[in-house]
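The values are calculated or read from the model by the stated rules, or taken from the named source; none is laboratory data. The structure displayed is predicted, hence computed values, not measured ones. Methodologically, a virtual Cβ is constructed for each residue, glycine included, from the backbone with ideal geometry; neighbour enumeration extends over all protein chains shown. The protein model used for the area step is the full one, side chains on, heavy atoms only, and it has no ligands, DNA or RNA in it. Shrake-Rupley method; radii C 1.70, N 1.55, O 1.52, S 1.80 Å.
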Amino acid sequence: AARERLDELADTAPAPVVDRLRRGVEERTNLAWERLGGTQRETPSQAYGRLRQEMIDAEREVFRNARDTGRIPEEVLVRAYRDLDLEESLLRREGDR
């Protein structure tokens, strides 16, 4: 209902304001979905975790290839992997909740 009403009023306010309100509605909808749990469908946070993990895996591959071809030194790879490891551990922690 809130989204429909916002759509009706969208042309009466600046676009950034309307966009911000749309994001708020979407966030509240996703939070409600997360709280319901027990659904057969993937929740937004599960989808986020899955997609971000795929992105991290791709980033690791790019750094590894860059190191193997001599475009970056080993220490750059190590630092990049450390950052990716940290983000990955945060994703796992969020997924355990």
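Numbers below:
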{"item": "Tensor-based shape of segment 11-64 (alpha-carbon gyration tensor, a/c under 1.5 rounded, otherwise prolate or oblate)", "result": "oblate"}
{"item": "Protein accessible area in the chain, 1.4 Å probe - carbon and sulfur %", "result": "54 percent"}
{"item": "Positive-end residue, the chain charge dipole about Cα centroid, Cβ charges, pick of P16, G95, T69", "result": "G95"}
{"item": "Point-charge dipole on Cβ atoms (K/R +1, D/E -1) for the chain, about Cα centre, debye to 20", "result": "200 debye"}
{"item": "Length released on extending from A1 to E34, taking residue separation times 0.36 nm less the Cα-Cα span", "result": "9.9 nm"}
{"item": "Mean accessible surface per residue for the chain, computed with a 1.4 Å probe while every protein chain stays in place, in Å²", "result": "80 Å²"}
{"item": "Length released on extending from D96 to E61, taking residue separation times 0.36 nm less the Cα-Cα span", "result": "10.0 nm"}
{"item": "P(r) weight above 19 Å for the chain, C-alpha pairs, percent", "result": "62 percent"}
{"item": "Cα-projected label distance for Y81 with R52, points at 7 Å along beta-carbon direction, nm", "result": "2.2 nm"}
